[in-house]
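Below: one structure, written as structure tokens.
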Amino acid sequence: MKMPPFAYGRAASLSELFALWTAAGHEAKILAGGQSLLATLAFRLSEPSALIDITGIEALKGISATRTHLRLGALATHAEIGASDLVARHAPLMAEAVPFIAHPAIRNRGTLGGSLAFADPAAEWPAVMVALDASLTLASASGERVVAAEKFFRGLYDTALKRREIIAAVEVQKQRKTQRTALVEVARRSGDYAMAGLALSLDLDGKGVVSDARPVFFALGDRPVLAKAAAKALIGKPLDPRSVATAQAALERDLDPPADIHGGPAMKLHLARVLLARAAARIAPGVREAA
Ligand SMILES: Cc1cc2nc3c(=O)[nH]c(=O)nc-3n(C[C@H](O)[C@H](O)[C@H](O)COP(=O)(O)OP(=O)(O)OC[C@H]3O[C@@H](n4cnc5c(N)ncnc54)[C@H](O)[C@@H]3O)c2cc1C
């Protein structure tokens, strides 16, 4: 199918973006990497009156570090994140996620902000952001506000973004000495969206006891799901086959996966349990037998 007609504008700054957006009306959409938006246009799932290209806005670019945090501009592409030494050193869970996102051509153009705003429940970045307890800086003509990733995702392709508001940047705390992370997923082919996935962040004290846990599943609900019952089953215990088995059983209380083209709820819950054991085994190799 051919795309519907639309006007096109390119903003060089945030103030220009908000001025163009106001002039173009509420049917206008912003364009980042175009890797999801242009497909929805081609399938006529979306018919915006205008596209406002934000890829020339310097304020939305770059990856930098403070003493405690990593800051990623919304326009950081998946490929830039994968190639960043800062990310590899301070947010290894993000580096680990990149090869799972689509293919190199898409990773070269697709952006972190675009993926988070699109909020596909099977996408990696939303789950990674919740697992890392990231903060999203949202910008509009009236200023900025900060929203926790956990509160940002509201449902299927639904977020806390208000009208004419954008994601400007994301901040994650630098990996703590006690923190261990792993990203695992099951997909039909390399580069496909996941059938089921897990972004796991754990803190282990000096004796190997779990002091905090954020297991966040994707493709198993209408948004990234922080599995709180499973986390509770892990916290306060050593990460071993017994605690993982208890957490696997608790997933029944955390997840209510809808049936999709890949299978029914029981199969998806089974995948979630397998993924939890795999991720735990990545962090503590002795756990493998619990799978
Ligand atoms: C074949 C294929 C396979 C894919 N596989 C995967 C996969 O396995 N995993 C995965 O996670 N993704 C996958 N993707 C999606 C890809 O990661 C996209 O890059 C991403 O979803 C959107 O980023 P974008 O920069 O291209 O956004 P765009 O397509 O430009 O925009 C997407 C939406 O977000 C809005 N938007 C963009 N930037 C912002 C912002 N800063 N603030 C507010 N709103 C914004 C746009 O208005 C639009 O509504 C795949 C895409 C394709 C085409």
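None of the figures in this text is laboratory data; all of them are computed from the coordinates on show. Owing to the predicted nature of the structure, the values given are computational and were not obtained by experimental measurement. Glycine also receives a Cβ, built like all others from the backbone with ideal geometry; neighbour counts cover every protein chain displayed.
What FRET efficiency comes out for the pair Thr246/Leu45, r = Cβ-Cβ distance, R0 = 41 Å, nearest 0.05?
Efficiency, rounded to the nearest 0.05: 0.45.
Compute the distance in nm between two label points, each set 7 Å from the Cα along the Cα-to-Cβ direction, one at Ala266 and one at Ala65.
Placing both labels 7 Å beyond Cα along the Cβ direction yields 4.9 nm.
Quick one: 3J(HN,Hα) in Hz for the range 114-121, Karplus 6.51/-1.76/1.60 with θ = phi - 60°, rounded, Gly and Pro as x.
x, 5, 5, 5, 5, 6, 5, x
Where in the range 6-45 are there trypsin sites (Lys or Arg not before Pro) that are in a DSSP coil and have at most 15 other Cβ atoms within 10 angstrom of their Cβ?
Taking the range 6-45 and a limit of 15 other Cβ atoms within 10 Å, the loop trypsin sites (Lys or Arg not before Pro) found are Arg44.
How much of the DSSP bridge set in the range 9-166 is antiparallel, in percent, rounded to the nearest 5?
70 percent
How much net charge surrounds Ala39 when only the other residues with a Cβ under 15 Å from the Cβ of Ala39 are counted, with Lys and Arg +1 and Asp and Glu -1?
That works out to +1.
What is the local net charge at Leu20, summed over the other residues whose Cβ is closer than 15 Å to its Cβ (Lys, Arg +1; Asp, Glu -1)? All intermediate terms of the calculation are to be shown ahead of the outcome.
Details: positive: Arg10, Lys29, Arg163, Arg164; negative: Glu16, Glu27, Asp53, Glu165.
Charge balance near Leu20 sits at 0.
Scan around Asp53 for amide H atoms under 5 Å from its own, H built in the peptide plane at 1.01 Å from N, and keep only partners 5 or more places away or cross-chain.
Gly9, Arg10, Ala11, Leu31
Anyone know which of Pro215, Pro92, Pro121 comes out most mobile in the 10 Å Cα GNM of the chain?
Most flexible of the set in this elastic network: Pro92.
Counting other Cβ atoms within 10 Å, keep those with at most 14, restrict to DSSP loop, and tell me which trypsin sites (Lys or Arg not before Pro) in the range 108-201 are left.
Values: sites: Arg109, Arg145, Lys151, Arg154, Lys162, Arg163, Arg164, Lys174, Arg176, Lys177, Arg180, Arg188, Arg189; in loops: Lys162, Arg163, Arg164, Lys174, Arg176, Lys177, Arg188, Arg189.
Loop-located and lightly packed - Lys162, Arg163, Arg176, Lys177, Arg188, Arg189.
Report the calculated FRET efficiency for Tyr8 and Asp203 (r = Cβ-Cβ distance, R0 = 35 Å), to the nearest 0.05.
After rounding, the FRET efficiency stands at 0.15.
Extension gain Arg189-Lys237, at 0.36 nm per residue separation less the Cα-Cα distance, in nm?
13.7 nm
Kirkwood hydrodynamic radius, the chain, all distinct C-alpha pairs: what's the number in Å?
After inverting the pairwise mean of 1/r, the radius is 19.7 Å.
Along Cα→Cβ, 7 Å out, is where each label goes; now give me the distance between the ones at Arg145 and Glu58 in nm to one decimal.
3.0 nm
For the chain, what is the calculated [θ] at 222 nm in deg cm²/dmol (nearest 500), taking -39500 (n - 2.57) for each run of four or more DSSP H residues and dividing by its residue count?
-9500 deg cm²/dmol
Note down the net charge around Leu156, summing +1 for each Lys or Arg and -1 for each Asp or Glu among other residues with Cβ under 13 Å from its Cβ. Write down the numbers at each step before the final one.
On the way: positive: Arg154, Arg223; negative: Asp120, Asp158, Asp222, Asp260.
So the surrounding residues net to -2.
So if I place +1 on the C-beta of Lys and Arg and -1 on the C-beta of Asp and Glu, and nothing else carries charge, what would the dipole magnitude of the chain be about its Cα centre? I want it in debye, nearest 20.
Charge dipole, the chain, about its Cα centre: 440 debye, nearest 20.
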